[in-house]
Amino acid sequence: MNKLSSLLIAGLMGSLPALAQDNCATAIPITAGTYVIDTIDGPQVPLPVCATGGNTATRGEWYVYTAPANVSVTVTSDLPENVAVTPGLDTRVHVYTGSCGSLTCYDGDDDAGSDYLSLALFNLQAGQSVYIAWDNRWESRGFSFSVTEGPPFSEAVTFTNVTVPVTGTLRAAVDMNNDGLDDVVGINTTTIDNVAYTTGVTIAYQQNGGGFSAVSYPTAQIPNTPSWSLCAGDLDGNGWNDLLIAGGSKVTLLFADADGNGFSNDTTYNQYVFCQRSNMVDINNDGLLDAFSCHDVQPNVYFINNGTGTFTFYQGGLGDTPNGGNYGSIWTDIDGDGDVDMFIAKCRGGNQVTSTDQFHRNNGDGTFTEVAAQYNLANFTQTWSAAWGDFDNDGDMDVMVGASSFSAGGHKLMRNDGNTFTDVTAGSGYDTFTGTNIEHITHDFNNDGYLDIMGGGNTIMMNNGDMTFTPNPVSFDVGAVGDLDNDGYMDIQTGGTARINNGVGNNYIRIIPQGTVSNKNAIGARVTITTASGTQIRDIRSGDGFRYMSYLAAHFGLGQDEEVLQVTVRFPSGIVNTIDNPSINGTLTVVEDINTSITNATKEPLVLFPVPTADLLFISGDYNVNQPVRVFDLNGKLVKQAVVNGNHITVGGLAPGMYVVEVQTNDGPVQRSFAKE
Amino acid sequence: MLRHSVRPLALITLLALVALAACTKEPLTGTPDEVITPEADAVVFDPATVPYPTLSAYKFFKGPMAQQRPVVSVLPYEPITPLFTDYAHKFRFVWMPPGVKATYNGDGNILDFPDGAVLIKTFYYDGVQPGNTRRIIETRLLFKRFGQWEFADYVWNAEQTEAYLDLNGSNTPVTWTDENGVTRTISYRIPAEAECHTCHKVSDEASPIGPKPQNMNSQYAFGDGVKNQLAKWVEQGYLQSGYPKNINTVVAWDDMTKPLDDRVRAYLDMNCAHCHTDLRHCSYRPMRFAWNENADPVNQGVCVQPDDPIEPSMTYIVARGNAARSMMHFRMSSNDEAVRMPLMGRTIVHQEAVDMIATWINSMPVPCN
């Protein structure tokens, strides 16, 4: 029932019924001050839920507040009179914009106050109104709460909650119907006789112009659910993305119909697989997308696409630790040689061998060699995922190996130095960041041109551009990432709620490579952009972090740069297509085209120029810059040994004549001849 | 084939008499018991050729195998608090070759077993529908050879006459009605070898879990009378005498006469400690659930924040006074295979245990801060 103070307010306002705050339509208008709820007993349950803890509340109390100016507003039950109550109070609050018939979460909180008390902090514009609703998710006892105003606060990135009409287990934010707009994918499940089945796929299609329209596609009753992870890609090349359901004991491939209007063809592999992270990637680079799953307790498994609608199951060759420990696989070009490598974030109690991370370097011939130790990546931190991105925009993939537990070391920020990785955690912000998670992902959330990282502690670590990171608290955990309102800022889907990035006024470009020779999604492609600020790279990936499937595109923040000088897409086939001066603040689709490829080779050919040269000899192509270059005369005599300075060596001291240069590549030494004037 | 056939004749004779006496007490439904002869107690275990393709090849049992009546050299045992596995009932037995025995290695450690030791565990349900009959599903073996433990699993046929070696893992539907008239249907999981190993290991070395002195120091109704299990093992020649008399012994988790805290600790020890102990599968999480460590509230997870925010409103592993905010209670209450705890060995909630945990947590005064 309602309070003395409510009654006083009602009395002051003259005509409000005693049960005023029991529902949204009769919410009591409030200003800054302290209010008392004596029991949460209003019949209108606050929905949607804007805080953690699920939707099992049965009662609510409603208020409406209008900002008198541009202010920050703190709504909290963390007040001394509440803290003094025994046993301790447990409150939850929701803050909505919109009308009572169409409420949208604006903020909300469960436990940010002391003990289980709540604290919601948000900015409002002058005149903007919000509904403030408390519920009885945890209990119905009354308490006091306060509303206070302060100057608006600034954040690097902020989000607005939007309800997405998706049902089932939310796992993906990815374009499913090839309209360039990221959709939200839920997997519908049911439990029959204590067995969980997948029964359908619900896709909330992002609409042109905003919003979502959900369609549910029933599937066969599949005895497997994406409890551990889900990934997507066009496995059969029919133009529609398929799904991989990674469950606790098996893998299911679920294929989209030819018309994209259903998922009717599933292949459940009955080999025992305790799935963890799953991915789609063209493992043998034959142009056909394959599938991969980490195995928790055995060697990893993969499914090679036969090109005939069938896949062959393999176990062995891609992480063969007998007892597994494989949690976070991610496929990306780690050594920059043009083919896709795999890193596995590993975890295991009592076994440093099994918990040591692995780097499976692609030999370019369909085989892989585990070289983590060689690259200083053989850490045994207990990790379930690692965020791979070029954090310092120097053209190679760095990594933040995110700890799931600090029991065997903390987060490790590792800078790619060409032939090794250097631990640069100290002073980076990750040495003092205590949040842990099984999820670690990297995207540019504020479009400033530097990849940020999200892991534990409901925090996005904002990249300062110098390999240091600053925590930016948010009110939610990691989810599936996509641009869910097509504004060029990456949003995060958690459960049924899209966390829509409010943006900060930076520019961006989104690039969608489309394979023709390569797999259709161009998974494994390296996208490079050059702007006045420098160069950024992204790899197209199906499956990052631990559990979710995020957008299949390359998203670049541009900061205040107004133009992109060049976009380069290196497809898995080796075809390289470039686009000069594309439009920004939109999506660029790059179709793989062998006729306009700047090279048909898998690797950049090794080229020396100018020839002849008098002094500086430039060397371009894929070679190891950190290993010395040797120069021989035509008799085979070593006449010079030099380290490449940027992109050249000096040969001015050599007598005129023909010479042979030998550089080191991942495939061994390669020789080229040149003339010295 | 090596046959470990006979023990000293005097003992055989004695045990044969005992066995005969014991058999008369058993609710036999099959053929009359045969007279136990030395040949009938010829358990077959050749380290060079195990595991055998069939369970019957070991000759662990006399009479129809489904009756699970052990030959005299196969000794039944029972841990004081058992592991919950979807309400399955279990027969447990131990066998060792003649002339060797286990030794005490600490109250909370597995007995130091000799090569050739075999632990036998048969999983079955009573009241299986539609016939309201007993169905034996599998018999798991842990055997030790060349200093290492290995796994074998035998899946029973529909006729309940034989069980066949199968370590690939499978599911089988079971519908049964329990003693309280509750009917449940599950997809019973018969583990693959890697699943066995996930729980049964220390570092990467396979290991039993149950036969620790702390779990065995109890009275058990053997065929020849009630006796302390450890004493019986000594009498059987399976355990070196001289182990300590004051064993720090677990309680039965469902013994309402025991302190709630001890019952919870015993349950956590048997159901959780095989992962949440140093050198085990999940030792990187902060809990330490073994009986000899879990009296410490911090090791129980009391007011310890979870590493993995799988459900953000679960603010502590055990939130004092608030089961609804406790990750332990949340995970034990879930059937989601990515959420549930224990991770393996169950597909349905052990409601009686969850209720106990809730009572335990809610009885704790002073919330966490």
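The values are calculated or read from the model by the stated rules, or taken from the named source; none is laboratory data. Values in this document were obtained by computation on a predicted structure and should not be read as measured data. Cβ sites come from the backbone with ideal geometry, for glycine too, and all protein chains shown count toward neighbours. Please note that ligands, DNA and RNA were not included when accessible areas were found on the heavy atoms of the full protein model with its side chains. Shrake-Rupley method; radii C 1.70, N 1.55, O 1.52, S 1.80 Å.
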Rounded to the nearest 10 Å², the accessible area of residue A:138 using a 1.4 Å probe with every protein chain kept is 40 Å²
Using the scaling law 2.2 N^0.38 Å as the reference, what is the normalised Cα Rg of segment B:55-236? 1.04
Where chain A is the region considered: accessible area per residue in Å², 1.4 Å probe: 35 Å²
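In deg cm²/dmol and to the nearest 500, what is the mean residue ellipticity at 222 nm of the protein assembly as shown if only DSSP H runs of at least 4 residues count, each as -39500 (n - 2.57), divided by the residue total?
-2000 deg cm²/dmol
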Debye equation applied to the C-alpha atoms of segment A:372-511, log10 I(q)/I(0) at 0.14, 0.16, 0.20 Å⁻¹: -0.63, -0.82, -1.22
Averaged across the residues of B:333-339, what count of C-beta atoms belonging to other chains lies within 10 Å of each residue's C-beta? 5
For segment B:55-236, what is the accessible area per residue in Å², given a 1.4 Å probe and the full set of protein chains? 36 Å²
Take the Cα radius of gyration of segment B:260-362 and divide it by 2.2 N^0.38 Å, with N its residue count; two decimals is plenty. 0.95
Multiply the residue separation of residue B:183 and residue B:115 by 0.36 nm, subtract the distance between their alpha-carbon atoms, and state the gained length in nm to one decimal. 20.2 nm
Indicate the residues belonging to segment B:242-288 that lose 50 Å² or more of solvent-accessible heavy-atom surface (probe 1.4 Å) upon moving from the chain alone to the assembly of all protein chains, ignoring ligands and nucleic acids. B:281, B:284
Could you name every residue in segment A:299-348 that has 40 Å² or more less accessible surface in the full protein assembly than in its own chain alone (probe 1.4 Å, ligands and nucleic acids excluded)? A:323, A:348
If all Cα-Cα distances of segment A:532-582 are sorted into 10 Å bins from 0 onward, what percent lands in each bin, rounded to whole numbers? 20, 45, 29, 6
Protein accessible surface hidden between A and B, which excludes ligands and nucleic acids, total in Å², probe 1.4 Å: 3000 Å²
Protection proxy ranking, peptides A:301-309, B:267-275, B:56-64, average beta carbon neighbours within 10 Å, highest first: B:267-275, B:56-64, A:301-309
Would you tell me the mean number of C-beta atoms belonging to other protein chains that fall within 10 Å of each C-beta in A:190-196, as a whole number? 5
Highest average packing first - A:184-194, A:210-220, Cβ atoms within 10 Å: A:184-194, A:210-220
Can you compute 3J(HN,Hα) from phi for each residue in segment A:593-598, using the Karplus curve 6.51 cos²θ - 1.76 cosθ + 1.60 with θ = phi - 60°, rounded to whole Hz and x for Gly and Pro? 9, 5, 6, 9, 5, 7
Among the listed pairs B:62/B:201; B:212/B:232; B:232/B:258; B:121/B:232, those beyond 23 Å (Cα-Cα): B:62/B:201; B:232/B:258
Per residue and in Å³, how big is the convex hull formed by the alpha-carbon atoms of the protein assembly as shown? 202 Å³
Shielded residues, segment A:48-67 - accessible-area loss of 10 Å² or more between chain alone and all protein chains, probe 1.4 Å: A:52, A:53
Per-residue SASA entry for residue A:420, accessible area with 1.4 Å probe, Å² rounded to 10: 40 Å²
Just want to confirm a number: the relative contact order over segment B:265-369, from Cα pairs under 8 angstrom separated by 6+ residues, in percent. 19 percent
What does the convex hull of the alpha-carbon atoms of chain B project to on average, in nm²? 18.6 nm²
Largest-first principal axis extents of the Cα set of segment A:306-458 (Å): 47, 38, 31
Calculated from backbone phi, Karplus (6.51, -1.76, 1.60) coupling profile of segment A:382-398 in Hz, x at Gly/Pro: 7, 9, 10, 6, 9, 9, 9, x, 8, 5, 10, 6, 10, x, 9, 7, 9
Pick from B:81, B:122, B:172 the residue whose mean-square fluctuation is largest in a GNM of chain B, springs joining Cα atoms under 10 Å. B:172
Looking at B:182, B:225, B:125, which one has the Cα that reaches farthest to the positive end of the dipole of segment B:55-236 (charges on Cβ: Lys, Arg +1; Asp, Glu -1)? B:225
Sorted by accessible surface (1.4 Å probe, heavy atoms of the protein chains only), largest first, B:226, B:74 come out as B:226, B:74
Length-normalised contact order of chain B in % [C-alpha pairs under 8 Å, at least 6 apart]: 13 percent
Pairing the Cα long axis of helix A:4-13 with the longest principal axis of chain A, what angle in degrees results, from 0 to 90 and rounded to the nearest 10? 80 degrees
What number, in percent, do you get for the relative contact order of chain A if the mean sequence gap of Cα pairs under 8 Å and at least 6 apart is divided by its residue count? 9 percent
Principal-axis tilt of helix B:9-23 within chain B, Cα atoms, nearest 10 degrees: 60 degrees
For peptide B:307-317, what's the mean number of Cβ atoms from other chains within 10 Å of each residue's Cβ? 6
Roughly to the nearest percent, how much of the accessible area of the protein assembly as shown is carbon and sulfur, given a 1.4 Å probe? 53 percent
